[in-house]
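To start, the structure itself, in structure tokens.
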């Protein structure tokens, strides 16, 4: 899975709980965007979460 280059945010795992309290596994994915940025004077394509934009 993709990770944010700045804050290192990745996938989080947990449990989905239904109305009848049946449990099943699920995962929360971060909102990752591909952005062109200048890093050390050179343009690069980096993956950044929407909070770090």
Picking from 33, 51, the residue that is part of a loop (DSSP other than H, G, I, E, B), on the phi < 0 side of the Ramachandran plot and surrounded by 11 or more Cβ atoms within 10 Å (Cβ to Cβ) would be 51
Of (1) modelled with pLDDT of 95 or more; (2) in a loop (DSSP other than H, G, I, E, B); (3) surrounded by 12 or more Cβ atoms within 10 Å (Cβ to Cβ), residue 2 fails just (1)
Only unsatisfied item for residue 21, checking (1) surrounded by 12 or more Cβ atoms within 10 Å (Cβ to Cβ); (2) out of contact with any strand residue (DSSP E or B) (no Cβ under 8 Å at 6 or more places or on another chain), is (1)
In this structure, does residue 9 turn out to be assigned to a strand (DSSP E or B) and either surrounded by 10 or more Cβ atoms within 10 Å (Cβ to Cβ) or more than 12 Å from the chain's Cα centre (by Cα) (or both)? no
The condition from (1) in a strand (DSSP E or B); (2) surrounded by 10 or more Cβ atoms within 10 Å (Cβ to Cβ) that residue 38 misses is numbered (2)
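The values are calculated or read from the model by the stated rules, or taken from the named source; none is laboratory data. The model shown is predicted, which means the values in this text are computed figures rather than measured ones. Note that each Cβ is placed from the backbone with ideal geometry, even for glycine, and that neighbours are counted across all protein chains shown.
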